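Q: Below you will find the structure I want to go over with you.
The values are calculated or read from the model by the stated rules, or taken from the named source; none is laboratory data. For clarity, every value in this text was computed on a predicted model and none was experimentally measured. Don't worry about glycine lacking a Cβ; one is built from the backbone with ideal geometry, like all the others, and counts go over all protein chains shown. Just the protein is used for accessible areas: all its heavy atoms, side chains included, with ligands, DNA and RNA removed. Shrake-Rupley method; radii C 1.70, N 1.55, O 1.52, S 1.80 Å.
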Amino acid sequence: MTELKLENVSYRYKNSEQQALSNVYCKFSGGSVTSIVGPSGSGKTTLLSIMAGLDKPLSGQVLIDGESLSTLDLDKYRRERVSMIFQAFHLFPLLTALENVCFSMEINGIAKKDAKIRGAKILESVGINAEKHKRYPSNLSGGEQQRVAIARALSSGARLLLADEPTGSLDSTNGEAVISILRRLAHEEGYCVVVVTHNLKVAETSDVIYHMSDGAIIHQKA
Ligand code: ADP
Ligand code: MG
């Protein structure tokens, strides 16, 4: 199963003097949900973007299944091995639910017809039934939009799912439903799920919790 490790990772934004991450060591494993909690500005989003290969560490290294990201083709890594889910869903507004899910499959060269069949199955698996596949995001509830975003994240076959405040825009019922989907993906299907959250209830249901403060992990609960 997928394992992502950060070893002594530091990061500083170009226009900033302060380190956004300093000497971070942590590990994320397939089959489990790891939460990252901490006050605003503590480095949670920065940590996710380093893990997603969107930013490169200033020092230290990120290893996926033992291989350093610095030795990999990062475009390919981002396309095939890691997916992100956001607080504000970030669905394409002019594409239907199904088209949102099929989009990356088609970019990855899967025939339109096959992408549609697979996309529909993935949508069903997160509780979006056929009647809703042709709806545009604006005609879906927040909870439904986040399920579509999860389906889209699954469509590339990536085993590492990074979620930045995935329940932040949802009421508690829909938030719990989204978290229970992420838990099932980790526990039953072996995905490596990482959730940044302000919600302590969400954190408590995860397998590992990292607490961040000032760019460092200050406490870990396994
Ligand atoms: P969190 O997600 O925990 O709220 P961030 O990772 O967004 O924290 O931010 C960590 C630190 O990096 C903060 O001090 C923030 O101000 C700074 N930061 C974030 N993004 C940028 C950016 N694009 N340019 C400069 N500084 C940034
Ligand atoms: Mg953030």
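Q: Report the gain in length on full extension from Thr71 to Leu94: 0.36 nm times residue separation, minus Cα-Cα distance, nm rounded to one decimal.
A: This chain segment gains 4.6 nm when fully extended.
Q: How large is the Kirkwood hydrodynamic radius of segment 84-185, in angstrom, based on all distinct alpha carbon pairs?
A: 13.3 Å
Q: Just to be sure I understand: with springs between alpha-carbon atoms less than 10 Å apart, which residue in Asn15, Asn108, Asn139 has the highest mean-square fluctuation in the Gaussian network model of the chain?
A: Maximum fluctuation in the GNM of the chain, among the listed residues, is at Asn15.
Q: How large is Rg/Rh for segment 1-157, to two decimals, with Cα atoms and a Kirkwood Rh?
A: 1.02
Q: May I pose another question? What do you get for the angle between helix 97-107 and the principal long axis of the chain? Use alpha-carbon atoms, 0 to 90 degrees, nearest ten.
A: 70 degrees
Q: When ligands, DNA and RNA are left out and all protein chains stay put, how many square angstrom of accessible area per residue does segment 1-152 have with a 1.4 Å probe?
A: Heavy-atom SASA per residue in segment 1-152 reads 51 Å².
Q: Moving to a separate point now. How much net charge surrounds Asn108 when only the other residues with a Cβ under 9 Å from the Cβ of Asn108 are counted, with Lys and Arg +1 and Asp and Glu -1?
A: -1
Q: Can you send over the carbon and sulfur percentage of the accessible area for segment 1-154, probe radius 1.4 Å, protein chains only?
A: 51 percent
Q: Tell me whether segment 44-119 comes out rounded, prolate or oblate; compute the Cα gyration tensor, take square roots of the eigenvalues as a ≥ b ≥ c, and use a/c under 1.5 as the rounded threshold.
A: Numbers: a/c = 3.44, a/b = 1.74, b/c = 1.98.
Oblate, because a/c is 1.5 or more while a/b does not exceed b/c.
Q: Turning to a different aspect of this structure: Say we join alpha carbon atoms closer than 10 Å with springs in a Gaussian network model of the chain; which of Tyr191, Tyr13, Tyr25 then has the biggest fluctuation?
A: Tyr13
Q: Roughly how many whole Å is it from the C-alpha centroid of segment 1-53 to that of segment 115-158?
A: That distance is 28 Å.
Q: Evaluate the relative contact order of the chain (contact order divided by residue number), counting alpha-carbon pairs under 8 angstrom at least 6 apart; express in whole percent. Numbers along the way, then the final one.
A: Values: 455 pairs, mean separation 71.0, N = 222.
With pairs under 8 Å counted, the relative contact order is 32 percent.
Q: I would also like to ask the following. For Ser138 paired with Gln61, estimate the spin-label separation in nm (one decimal), with each label point 7 Å from Cα along the Cα-to-Cβ line.
A: My value for the distance between the label points is 4.9 nm.
Q: Taking the Cβ-Cβ separation of Glu3 and Glu106 as r and a Förster radius of 35 Å, what is the calculated FRET efficiency to the nearest 0.05?
A: Working: r = 30 Å, r/R0 = 0.85.
After rounding to 0.05, the efficiency reads 0.70.
Q: At a Cα cut-off below 29 Å, give the lysines reachable from Lys5, other chains included and same-chain residues fewer than 8 away excluded.
A: Cα-Cα hits under 29 Å: Lys14, Lys27, Lys44, Lys56, Lys76, Lys201, Lys221.
Q: In a GNM of the chain with a 10 Å cut-off on Cα contacts, which of Val148, Val202, Val37 has the highest mean-square fluctuation?
A: Most flexible of the set in this elastic network: Val202.
Q: Between Lys121 and Asp171, what FRET efficiency comes out of the Förster formula 1/(1 + (r/R0)^6) with R0 = 30 Å and r the beta carbon distance, rounded to 0.05? Write down the numbers at each step before the final one.
A: Values: r = 28 Å, r/R0 = 0.92.
Plugging the Cβ-Cβ distance into 1/(1 + (r/R0)^6) gives 0.60.
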